Amino acid sequence: MNVIIVGGGIGGLTLALFLQRARIACRVYDGAPQMLPLGVGINILPHASKAFAELGIDAALARVSVLTQEAVFFNRFGQRIYREPLGRYAGYEHPQFSVHRGELQRVLLDAVVERLGTDAIVTGCRCVAIEQDQSGAVAQFQNSVTGEPLPAQRADLVVGCDGLHSTVRKLLHPGDGPPLYSGVNMWRGVTVWPPILSGASMIRAGWLKTGKMVIYPIRDNVDGGGRQLVNWVAELETPRHALRDWNRPGNIDDFIGAFETWHFDWLDVPQLIRKAETILEFPMVDQDPLPWWSRGCVTLLGDAAHPMYPRGSNGAGQAILDARALAEALCSHPSPADALKSYEAERLPFTAEVVRMSRRNPPDAILREVFERTGDKPFARVEDVISEDELVALSEGYKRVAGLDRKSPGAARAEIPSQRS
Ligand SMILES: Cc1cc2nc3c(=O)[nH]c(=O)nc-3n(C[C@H](O)[C@H](O)[C@H](O)COP(=O)(O)OP(=O)(O)OC[C@H]3O[C@@H](n4cnc5c(N)ncnc54)[C@H](O)[C@@H]3O)c2cc1C
């Protein structure tokens, strides 16, 4: 069997590694002229870290990331609402990694080149069309700089791992509309900064109506003096937004006003923002779950299949789990079309629920509850606003849907913490 992977992002490169492990030939075609280390922070939750451990790339990832210890929630007055351990610190066998997306892609790319060879990745090739016949599929490519047609490529299978603006998704579902704007715009940046709280804390603070921040470190000791590279995301409800382009520069004046008063004893937020090395802007978008992903010998994976709001830190993780499931299905079904049906039956309903839950009640629903119950005022005692049991229930509800709890649908696949720290 031989597979064309359209898109060499997180999902496409992980799929190449799982296929190589299963001795299935593949080649990755990416539209970018060069594989540059783009993006800012991204999280890999324990279920996806387990998949990376199976591929033997967890140690390389650990060298360039932070092993996240805890989630901590605050209101916009800097008062702590809730804290819970994460990853290994919560008893999972595998850690939560917080990492620069570019570093994660580099780790995957190095492993692909080492195991499959340099020929396994072709850059500057934008997929524009796919035709199918009895013996497989033919993918048509264009040079992404000049627009010139490139030689068509034939394979038994084509997998669209081409992200949010997927061409393969549009070819399979021509009537599918553009990404749906959530009403929340995001500005993201990285700042070199001394460790905050535990030095491995994932902080969520405020609420979307008046301004919410997500802050976590993604690299230790970047200056030899113990400072970290800290990723931050400012999120604000506003009708103003542009089309999502991962590299669109953001303007600090468009959002700093919402955070000007956030001077806490544990962090000066406006300073963190002002000292940023980079600021990017993009809208929070997703798409309604698709009714199907596969036709004949063409399917979808990752953001191409199920773009979701980044509120549960799960976009990359679900792409990684798709990759493992697809490789396993191809090993256990001699017919590629049957394998794709089995892959879709396992992953489509599950990821559709994660998409819906990321709209409805992702982990930051804790912040919404406190915002609404206090009328956006400081509290004297958090237990007068919301009980510990309610906070735990909100957090566990998301884990259940995301596959991080023993009561998850498809619990055999779920990651379960062995003990609580
Ligand atoms: C440049 C970039 C920066 C990002 N930065 C962040 C970030 O900072 N934080 C975060 O949480 N998420 C970020 N993401 C998104 C994140 O990687 C995904 O949400 C998630 O990891 C799922 O991965 P994926 O492989 O499905 O999609 P992606 O990682 O988005 O990969 C899609 C790949 O497909 C390629 N591609 C697109 N169209 C075509 C085509 N027609 N033909 C061939 N190749 C094509 C793209 O060049 C890209 O390499 C970024 C994505 C990109 C592309």
Review point. What are the residues in segment 279-332 that are over 16 Å from the mean Cα position of the chain (by Cα) and in a loop (DSSP other than H, G, I, E, B), if any?
Key: Asp288, Pro289, Leu290, Pro291, Trp292, Trp293, Ser294, Gly296, Cys297
**Study point:** Pair list, Cβ < 7 Å and 6+ apart or interchain, from segment 290-314 residues that are within 9 Å of the ligand (Cβ to nearest atom) to residues that are open to solvent by 10 Å² or more (accessible area, probe 1.4 Å) and charged (D, E, K, R)
**Key:** Ala304/Asp162
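Scan segment 16-35 and give yes if some residue there is closer than 21 Å to Gly189 by Cβ, open to solvent by 10 Å² or more (accessible area, probe 1.4 Å) and within 16 Å of the ligand (Cβ to nearest atom), otherwise no.
Step one: of segment 16-35, the residues closer than 21 Å to Gly189 by Cβ are none.
Looking through segment 16-35, none of the residues is closer than 21 Å to Gly189 by Cβ, open to solvent by 10 Å² or more (accessible area, probe 1.4 Å) and within 16 Å of the ligand (Cβ to nearest atom).
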Review point. Can you find a residue in segment 86-95 that is at pLDDT 95 or above and open to solvent by 60 Å² or more (accessible area, probe 1.4 Å)?
Key: no
Check your understanding: For segment 138-146, does any single residue satisfy the condition of being farther than 30 Å from Gln271 by Cα, open to solvent by 20 Å² or more (accessible area, probe 1.4 Å) and touching an Asp or Glu at 6+ places or on another chain (Cβ under 6 Å)?
Key -> yes
Point to revise | Residues within segment 340-364 that are touching a residue at least 60 places away in the same chain (Cβ under 8 Å), out of contact with any Gly (no Cβ under 8 Å at 6 or more places or on another chain) and among the small types (Gly, Ala, Ser), tallied | key: 1
Review point. Do you know which residues across segment 175-202 are open to solvent by less than 30 Å² (accessible area, probe 1.4 Å), more than 16 Å from the ligand (Cβ to nearest atom) and under 27 Å from Ala90 (Cβ atoms)?
Key: Ile196, Gly199, Ala200, Ser201
Point to revise | Flag for Val6 being within 9 Å of the ligand (Cβ to nearest atom), more than 28 Å from Lys212 (Cα to Cα) and touching a helix residue (DSSP H, G or I) at 6+ places or on another chain (Cβ under 6 Å) | key: yes
**Study point:** Residue list for segment 266-319, restricted to those being buried (at least 24 other Cβ atoms within 10 Å of the Cβ), β-branched (Val, Ile, Thr) and within 27 Å of Ala234 (Cβ to Cβ)
**Key:** Val269
Point to revise | Residue in segment 155-174 that is surrounded by the most Cβ atoms within 10 Å (Cβ to Cβ), counting only those that are more than 10 Å from the ligand (Cβ to nearest atom) and under 13 Å from Ala129 (Cβ atoms) | key: Val158
Point to revise | Given (1) in contact with a helix residue (DSSP H, G or I) (Cβ under 6 Å, 6 or more places away or on another chain); (2) part of a helix (DSSP H, G or I); (3) open to solvent by 10 Å² or more (accessible area, probe 1.4 Å), number of the condition Leu236 does not satisfy | key: (2)
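Might you check whether a residue that is touching a residue at least 60 places away in the same chain (Cβ under 8 Å), away from the ligand (no atom under 16 Å from the Cβ) and within 17 Å of Leu15 (Cα to Cα) occurs anywhere in segment 68-77?
No; the residues of segment 68-77 include none that is touching a residue at least 60 places away in the same chain (Cβ under 8 Å), away from the ligand (no atom under 16 Å from the Cβ) and within 17 Å of Leu15 (Cα to Cα).
Can you name every residue in segment 246-265 that is in a loop (DSSP other than H, G, I, E, B), open to solvent by less than 60 Å² (accessible area, probe 1.4 Å) and either over 24 Å from Pro178 (Cβ atoms) or among the acidic types (Asp, Glu) (or both)? Spell out how you get there, then give the answer.
Taking segment 246-265 first, the residues in a loop (DSSP other than H, G, I, E, B) are 246-248, 250-251, 255, 260-262, 264-265.
Keeping just the survivors that are open to solvent by less than 60 Å² (accessible area, probe 1.4 Å) gives 250, 255, 262, 264.
Within segment 246-265, Trp262, Phe264 meet the criteria.
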Check your understanding: So which pairs qualify, if the first residue must be in segment 318-336 and among the acidic types (Asp, Glu), the second must be part of a loop (DSSP other than H, G, I, E, B), the Cβ gap must be under 8 Å, and the two must be at least 6 apart or on different chains?
Key -> Asp322/Leu301; Asp322/Ala305; Glu328/Ala22
Revision key, fill the gap. Subset of segment 346-402, residues over 20 Å from Glu235 (Cβ atoms), touching a strand residue (DSSP E or B) at 6+ places or on another chain (Cβ under 7 Å) and among the β-branched types (Val, Ile, Thr), comes to Val382
Practice item. Quickly run through segment 107-124 and pick out the residues that are over 13 Å from Leu13 (Cα atoms) and near the ligand (Cβ under 10 Å from one of its atoms). Key: Gly124
Review point. Would you say Ile81 is under 15 Å from the mean Cα position of the chain (by Cα) and of a type in the set (A, V, I, L, M, F, W, C)?
Key: no
Exercise for review: Would you mind finding the one in Leu208, Leu104 that is near the ligand (Cβ under 10 Å from one of its atoms) and surrounded by 19 or more Cβ atoms within 10 Å (Cβ to Cβ)?
Suggested key: Leu104
Practice item. Look at segment 42-62 and say how many of its residues are under 13 Å from Leu108 (Cα atoms) and over 16 Å from the mean Cα position of the chain (by Cα). Key: 8
Review point. Cβ-Cβ below 8 Å, separation at least six or inter-chain, first residue in segment 242-264 and polar (S, T, N, Q), second modelled with pLDDT under 95: which pairs?
Key: Asn247/Leu38; Asn247/Leu280; Asn251/Ile279; Asn251/Glu281
Check your understanding: List, please: which pairs have Cβ atoms under 7 Å, are six or more places apart or on different chains, and start with a residue in segment 131-143 that is assigned to a strand (DSSP E or B) and end with one that is of a type in the set (A, V, I, L, M, F, W, C) and surrounded by fewer than 15 Cβ atoms within 10 Å (Cβ to Cβ)?
Key -> Val138/Ala152; Ala139/Ala152; Gln140/Ala129; Gln140/Ala152
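The values are calculated or read from the model by the stated rules, or taken from the named source; none is laboratory data. In this text, all values refer to a predicted model and were calculated from it rather than measured experimentally. No Cβ is skipped: glycine too gets one built from the backbone with ideal geometry, and neighbour counts run over all protein chains shown. Note: areas computed on protein heavy atoms with side chains; ligands, DNA, RNA excluded. Shrake-Rupley method; radii C 1.70, N 1.55, O 1.52, S 1.80 Å.
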